[in-house]
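Structure first, then comments.
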Amino acid sequence: MIDVTRLLSNIVRANLELAVKVAWAGAAGEGLRRNTHPSSFEGKTLTVSVMDALWQKQLQSMNAELIFRMNNLLGRGMVDEIVFCIAPSDVSQAQSVNRSESSKKPECHPLPTELMFAATSIADEDLRARFLRAANNLIARRDSHLSGD
């Protein structure tokens, strides 16, 4: 699979907004991408839709780091500000499009007993499922790096 972030300098020349959205995907990582959607880019401001006020607050605290990562991927200072707006319908719509595009189910990896035990202490069922998915994704990423994929 092609790493689109390597093509960003070419995309910047062709379509700046698309390049910034791709940079958001790379800077945010899979966990944040699932709960956000880059809505628009005007001037040097990226507007990102988030599920709720909790996500908005968390991402605002990461704002400087995300801007740094995005500009690093873009190769220049294209983004000065990220505005996080609460728009769960935008995020849900983007998630449904992503689900239909990727019908391939990620491979499940056996999780260490310590992680399974830690998960039992999470009372919220949805949060526990997200924790276990994140752990599975990290193990899959580690294993793919070790196997040289």
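The values are calculated or read from the model by the stated rules, or taken from the named source; none is laboratory data. All figures in this text were calculated on a predicted structure; none of them were measured in a lab. Every residue, glycine as well, gets a Cβ built from its backbone with ideal geometry; the counts of neighbours run over all protein chains shown. These area figures cover heavy atoms from the full protein model, side chains too; ligands, DNA and RNA do not enter into them. Shrake-Rupley method; radii C 1.70, N 1.55, O 1.52, S 1.80 Å.
To the nearest 0.05, what FRET efficiency results for L54 and R76 with a Förster distance of 25 Å applied to their C-beta separation? Walk me through the intermediate numbers first.
Values: r = 32 Å, r/R0 = 1.30.
Rounded to the nearest 0.05, the efficiency is 0.15.
Would you kindly state how much longer the chain becomes between A119 and K44 on full extension, computed as 0.36 nm times their sequence separation minus their alpha carbon distance, in nm to one decimal? Mind showing how you got there, number by number?
Values: separation 75, 0.36 × 75 = 27.00 nm, distance 4.02 nm.
That works out to 23.0 nm of additional length.
R33: accessible area at probe 1.4 Å, nearest 10 Å²?
90 Å²
L138 versus N15, label points 7 Å from Cα toward the beta carbon: distance in nm?
3.4 nm
Using a 1.4 angstrom probe on heavy atoms only, work out the carbon and sulfur share of the accessible area of the stretch 30-89 in %.
Details: 1730 of 3230 Å².
The computed percentage sits at 54.
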